[in-house]
Amino acid sequence: FREFVASGDDSLALRQDRPIWLDVAELRHSLEQGRDAPTLVEKERLLEQAAGLYKGALFPACYEDWIAPIRDELHRSVMVALEELVCLHESKGDYPRAIQSAERMCRLDALCEPAYRHLMRLNALVGNRATAMSIYKQCEQTLRRDLGVDPDPTTREIYDQILAAPAAEARREEKQRSLVGRAAEWREIQQVWQGLKTGARILMIKGEAGIGKTELAEQFTRWVRLQGGQAAVTRCY
């Protein structure tokens with residue numbers, strides 16, 4: 001016992017000079033490394049590792065005052081990491097994994113409205129319109145039951161946009177679609193969209209017939225609308 005624990009008059013601490021593996025320490029290390037990761041791939045790996053180590057509230061049966069801030073800090077850090085993963089996966093067009101991360105956020109915190117908003121948008125993007133609408137109802141019921149409040153106007157706005165989606169879009173086959181082999185192009189399109197904040201932009205998608213140009217453009221159009229933007233569509237031959 002003394003080989004691994006240092007004791008004082010009124011304290012106990014794990015000895016840092018002994019080969020001890022501690023999940024909390026490893027989780028924090030992964031989060032810190034993930035924040036400063038040199039590449040998006042490495043950032044994603046480290047954040048996934050951290051999220052995987054988190055199994056729920058730290059010492060949930062302990063009600064001592066000292067544990068509460070540590071417990072809350074770990075929870076907040078993991079929620080931030082999961083939201084970053086949602087954005088990373090979405091930026092690559094990997095909607096199934098983005099949905100999984102958002103679902104994890106909801107499981108960890110049923111009152112987290114941003115998680116519901118992510119789930120609504122992402123399910124709408126992959127054609128699961130009915131699922132997206134039911135997620136809003138779940139959010140609404142949970143907030144009213146536990147807090148006595150209605151969803152934020154931003155959440156309601158996303159719901160209204162999904163509700164008003166054209167019938168043809170609502171009838172899309174309900175399957176999870178990802179932009180396979182188009183992650184780089186999708187990131188470039190989103191960079192152009194972000195550039196609109198500083199001025200007008202023109203983007204041309206070109207290539208041989210049948211390689212998925214139309215699908216890429218349609219995915220972007222749906223994505224823009226679910227961000228609250230406006231998209232006008234026409235075509236010629």
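Worth pointing out:
- About its Cα centre, the dipole of the range 64-154 is roughly 520 debye, where the only charges are +1 on Lys and Arg Cβ and -1 on Asp and Glu Cβ.
- Model label sites at L22 and T39, defined 7 Å from Cα along the beta-carbon direction, differ in position by 3.2 nm.
- The A231 and R76 beta-carbon pair, evaluated with R₀ = 41 Å, returns a calculated FRET efficiency of approximately 0.70.
- Here's the picture: charge each Lys and Arg Cβ at +1 and each Asp and Glu Cβ at -1 in the chain, and of L203, Q33, G93 the one pushed furthest to the positive end of that dipole is L203.
- Dimensionless Rg over Rh [the range 81-169; C-alpha; Kirkwood]: 0.97
- With Cα atoms defining each centre, the range 9-25 and the range 67-81 are spaced 20 Å apart in the structure.
- Rolling a 1.4 angstrom probe over the chain with all protein chains present gives an accessible area of which 53% lies on carbon and sulfur atoms.
- Acute angle (nearest 10 degrees) that the helix 153-163 long axis makes with the longest principal axis of the chain, alpha-carbon atoms: 40
- Surface per residue (accessible, 1.4 Å probe) for the chain, Å²: 63
- A dipole drawn for the range 54-132 from +1 and -1 charges on Cβ atoms has a positive end, and of P114, G56, T131 the residue lying farthest that way is T131.
- Alpha-carbon radius of gyration plus Dmax, which is the widest Cα pair, for the range 1-95 in Å: 16.4, 56
- The mean sequence separation of alpha-carbon pairs under 8 Å and at least six residues apart, normalised by the residue count of the chain, gives a relative contact order of 13 percent.
- Histogram of C-alpha separations across the chain, 5 Å bin width, %: 1, 5, 11, 13, 15, 15, 12, 9, 6, 5, 3, 2, 1, 1, 0, 0, 0
- Estimated from helices alone, the mean residue ellipticity of the chain at 222 nm is -19000 deg cm²/dmol (sum of -39500 (n - 2.57) over DSSP H runs with n ≥ 4, per residue).
The values are calculated or read from the model by the stated rules, or taken from the named source; none is laboratory data. As the structure is a computational prediction, the values presented were derived from the model and not from experiment. FYI the Cβ positions are ideal-geometry reconstructions off the backbone, even for glycines, and counts take in every protein chain you see. For accessibility, only protein heavy atoms count, side chains too; no ligands or nucleic acids. Shrake-Rupley method; radii C 1.70, N 1.55, O 1.52, S 1.80 Å.
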